[in-house]
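What follows is a short report on a single structure.
The values are calculated or read from the model by the stated rules, or taken from the named source; none is laboratory data. If you're wondering where the values come from, they're calculated on a predicted model, not measured in any experiment. Accessible surface areas use protein heavy atoms only, side chains included; no ligands, DNA or RNA. Shrake-Rupley method; radii C 1.70, N 1.55, O 1.52, S 1.80 Å.
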Amino acid sequence: VRERSGPEDDPWVGWQDRWPRWLVRGSWALLSLGLGLFAAYTYRQMGADGWIQLARFCGRSLDLQVMLICMPIARVWITWLRRPLGRWLPLDDHIDMHRLIGDTAFGLAWIHTLAHLCHLFADQELTKLYTSVPYLTGIVWMLLYTVLWVFARERIRRSQRFELLDRKSTRLNSS
(Lines give C-alpha, C1' and ligand atoms only; values in the text may rest on other atoms or scores of the structure.)
Protein backbone atom coordinates (compact mmCIF):
# COMPACT_ATOMS: atom_id res chain seq x y z
CA VAL A 1 0.00 0.00 0.00
CA ARG A 2 1.40 3.34 -1.04
CA GLU A 3 1.22 6.07 1.56
CA ARG A 4 0.48 9.65 0.67
CA SER A 5 3.66 11.64 0.45
CA GLY A 6 2.22 15.11 0.63
CA PRO A 7 -0.36 17.58 -0.56
CA GLU A 8 0.44 16.87 -4.24
CA ASP A 9 -1.24 13.46 -3.84
CA ASP A 10 -4.48 14.97 -2.56
CA PRO A 11 -6.77 15.54 -5.56
CA TRP A 12 -8.47 18.55 -3.92
CA VAL A 13 -5.30 20.46 -3.04
CA GLY A 14 -4.17 22.64 -5.90
CA TRP A 15 -7.19 21.90 -8.07
CA GLN A 16 -6.69 25.27 -9.74
CA ASP A 17 -3.50 23.90 -11.31
CA ARG A 18 -5.04 20.58 -12.24
CA TRP A 19 -8.36 21.59 -13.75
CA PRO A 20 -7.04 21.14 -17.33
CA ARG A 21 -6.14 17.51 -16.56
CA TRP A 22 -9.62 16.78 -15.25
CA LEU A 23 -11.27 18.68 -18.11
CA VAL A 24 -9.38 16.63 -20.72
CA ARG A 25 -9.97 13.34 -18.90
CA GLY A 26 -13.64 14.13 -18.31
CA SER A 27 -14.17 15.09 -21.95
CA TRP A 28 -12.43 11.90 -23.05
CA ALA A 29 -14.58 9.78 -20.71
CA LEU A 30 -17.82 11.48 -21.81
CA LEU A 31 -16.95 11.09 -25.49
CA SER A 32 -16.10 7.42 -24.97
CA LEU A 33 -19.32 6.84 -23.03
CA GLY A 34 -21.39 8.73 -25.60
CA LEU A 35 -19.99 6.77 -28.56
CA GLY A 36 -20.58 3.50 -26.73
CA LEU A 37 -24.14 4.38 -25.79
CA PHE A 38 -24.92 5.45 -29.34
CA ALA A 39 -23.63 2.12 -30.69
CA ALA A 40 -25.57 0.11 -28.12
CA TYR A 41 -28.75 2.11 -28.82
CA THR A 42 -28.33 1.60 -32.58
CA TYR A 43 -28.02 -2.16 -32.18
CA ARG A 44 -30.93 -2.22 -29.73
CA GLN A 45 -33.11 -0.59 -32.39
CA MET A 46 -32.06 -3.35 -34.80
CA GLY A 47 -33.22 -6.00 -32.33
CA ALA A 48 -29.84 -7.28 -31.10
CA ASP A 49 -29.69 -9.03 -27.74
CA GLY A 50 -28.01 -7.56 -24.67
CA TRP A 51 -24.66 -9.32 -25.25
CA ILE A 52 -24.32 -7.86 -28.72
CA GLN A 53 -25.30 -4.43 -27.43
CA LEU A 54 -22.60 -4.66 -24.75
CA ALA A 55 -20.05 -5.86 -27.32
CA ARG A 56 -20.92 -2.97 -29.64
CA PHE A 57 -20.77 -0.48 -26.77
CA CYS A 58 -17.25 -1.65 -25.89
CA GLY A 59 -16.24 -1.94 -29.53
CA ARG A 60 -17.22 1.63 -30.37
CA SER A 61 -15.54 3.00 -27.24
CA LEU A 62 -12.50 0.88 -28.07
CA ASP A 63 -12.34 2.51 -31.52
CA LEU A 64 -11.85 5.88 -29.82
CA GLN A 65 -9.15 4.50 -27.50
CA VAL A 66 -7.22 2.98 -30.40
CA MET A 67 -7.48 6.26 -32.29
CA LEU A 68 -6.13 8.24 -29.30
CA ILE A 69 -3.50 5.85 -27.87
CA CYS A 70 -0.52 7.27 -29.77
CA MET A 71 -1.46 10.94 -29.59
CA PRO A 72 -0.16 11.55 -26.03
CA ILE A 73 3.28 10.13 -26.81
CA ALA A 74 3.87 11.74 -30.20
CA ARG A 75 6.68 14.13 -29.28
CA VAL A 76 6.51 16.34 -32.35
CA TRP A 77 2.78 16.76 -31.91
CA ILE A 78 3.16 17.53 -28.19
CA THR A 79 5.89 20.11 -28.93
CA TRP A 80 3.76 21.69 -31.63
CA LEU A 81 0.76 21.94 -29.26
CA ARG A 82 2.83 23.28 -26.38
CA ARG A 83 3.23 26.70 -27.99
CA PRO A 84 -0.41 27.69 -28.52
CA LEU A 85 -2.21 25.46 -26.00
CA GLY A 86 0.38 24.49 -23.38
CA ARG A 87 -1.23 26.75 -20.82
CA TRP A 88 -4.64 25.07 -21.08
CA LEU A 89 -3.82 21.46 -21.98
CA PRO A 90 -2.07 19.14 -19.52
CA LEU A 91 0.72 18.25 -21.93
CA ASP A 92 3.09 17.24 -19.13
CA ASP A 93 0.69 14.43 -18.17
CA HIS A 94 1.01 12.78 -21.57
CA ILE A 95 2.53 9.52 -20.27
CA ASP A 96 -0.20 9.12 -17.63
CA MET A 97 -2.87 9.75 -20.27
CA HIS A 98 -1.26 7.17 -22.58
CA ARG A 99 -1.34 4.61 -19.76
CA LEU A 100 -4.94 5.46 -18.88
CA ILE A 101 -6.05 5.08 -22.49
CA GLY A 102 -4.12 1.81 -22.81
CA ASP A 103 -5.59 0.33 -19.64
CA THR A 104 -9.07 1.43 -20.66
CA ALA A 105 -8.63 -0.07 -24.13
CA PHE A 106 -7.44 -3.35 -22.60
CA GLY A 107 -10.46 -3.54 -20.30
CA LEU A 108 -12.89 -2.65 -23.08
CA ALA A 109 -11.31 -5.22 -25.39
CA TRP A 110 -11.77 -7.99 -22.82
CA ILE A 111 -15.37 -7.00 -22.08
CA HIS A 112 -16.03 -6.84 -25.84
CA THR A 113 -14.58 -10.33 -26.32
CA LEU A 114 -16.39 -11.82 -23.34
CA ALA A 115 -19.70 -10.32 -24.49
CA HIS A 116 -19.29 -11.98 -27.88
CA LEU A 117 -18.44 -15.30 -26.19
CA CYS A 118 -21.51 -15.01 -23.94
CA HIS A 119 -23.62 -14.34 -27.02
CA LEU A 120 -22.28 -17.54 -28.60
CA PHE A 121 -23.03 -19.53 -25.46
CA ALA A 122 -26.53 -18.04 -25.19
CA ASP A 123 -27.32 -18.89 -28.82
CA GLN A 124 -25.55 -22.26 -28.57
CA GLU A 125 -23.40 -21.48 -31.61
CA LEU A 126 -20.08 -22.63 -30.16
CA THR A 127 -18.88 -24.03 -33.48
CA LYS A 128 -18.37 -20.45 -34.67
CA LEU A 129 -15.45 -20.18 -32.22
CA TYR A 130 -13.22 -22.29 -34.44
CA THR A 131 -14.94 -21.97 -37.84
CA SER A 132 -15.50 -18.22 -38.10
CA VAL A 133 -12.54 -16.03 -39.05
CA PRO A 134 -13.59 -13.01 -36.92
CA TYR A 135 -13.78 -15.16 -33.78
CA LEU A 136 -10.44 -16.84 -34.49
CA THR A 137 -8.67 -13.54 -35.15
CA GLY A 138 -10.34 -12.03 -32.09
CA ILE A 139 -9.00 -14.79 -29.86
CA VAL A 140 -5.49 -14.47 -31.30
CA TRP A 141 -5.65 -10.68 -30.98
CA MET A 142 -6.69 -10.90 -27.32
CA LEU A 143 -3.84 -13.30 -26.54
CA LEU A 144 -1.34 -10.94 -28.15
CA TYR A 145 -2.94 -7.90 -26.50
CA THR A 146 -2.72 -9.58 -23.09
CA VAL A 147 0.99 -10.29 -23.58
CA LEU A 148 1.53 -6.67 -24.66
CA TRP A 149 -0.39 -5.34 -21.65
CA VAL A 150 1.45 -7.58 -19.17
CA PHE A 151 4.87 -6.54 -20.48
CA ALA A 152 3.84 -2.88 -20.37
CA ARG A 153 3.37 -3.02 -16.59
CA GLU A 154 5.83 -0.90 -14.65
CA ARG A 155 6.90 -3.80 -12.47
CA ILE A 156 7.80 -5.96 -15.46
CA ARG A 157 9.54 -3.17 -17.36
CA ARG A 158 11.67 -2.25 -14.33
CA SER A 159 12.71 -5.84 -13.59
CA GLN A 160 16.08 -7.15 -14.73
CA ARG A 161 14.43 -10.02 -16.60
CA PHE A 162 12.76 -7.67 -19.04
CA GLU A 163 16.12 -6.09 -19.92
CA LEU A 164 17.54 -9.57 -20.41
CA LEU A 165 14.92 -10.23 -23.10
CA ASP A 166 15.82 -6.93 -24.73
CA ARG A 167 19.56 -7.80 -24.77
CA LYS A 168 18.89 -11.22 -26.30
CA SER A 169 16.73 -9.79 -29.08
CA THR A 170 19.34 -7.10 -29.77
CA ARG A 171 22.05 -9.75 -30.00
CA LEU A 172 19.91 -11.80 -32.39
CA ASN A 173 19.23 -8.78 -34.60
CA SER A 174 22.89 -7.75 -34.80
CA SER A 175 24.16 -11.13 -36.00
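Before moving on, here are some points about what is shown:
- For the range 127-144, the Karplus equation 6.51 cos²θ - 1.76 cosθ + 1.60, evaluated at θ = phi - 60°, returns couplings of 5, 5, 4, 10, 10, 9, 4, x, 5, 5, 5, x, 5, 5, 4, 5, 5, 5 Hz by residue, with Gly and Pro reported as x.
- Nearest-10 value in Å² for the accessible area of CYS70, using the 1.4 Å probe: 80
- TYR145 contributes about 30 Å² of solvent-accessible surface, heavy atoms of the protein only, 1.4 Å probe.
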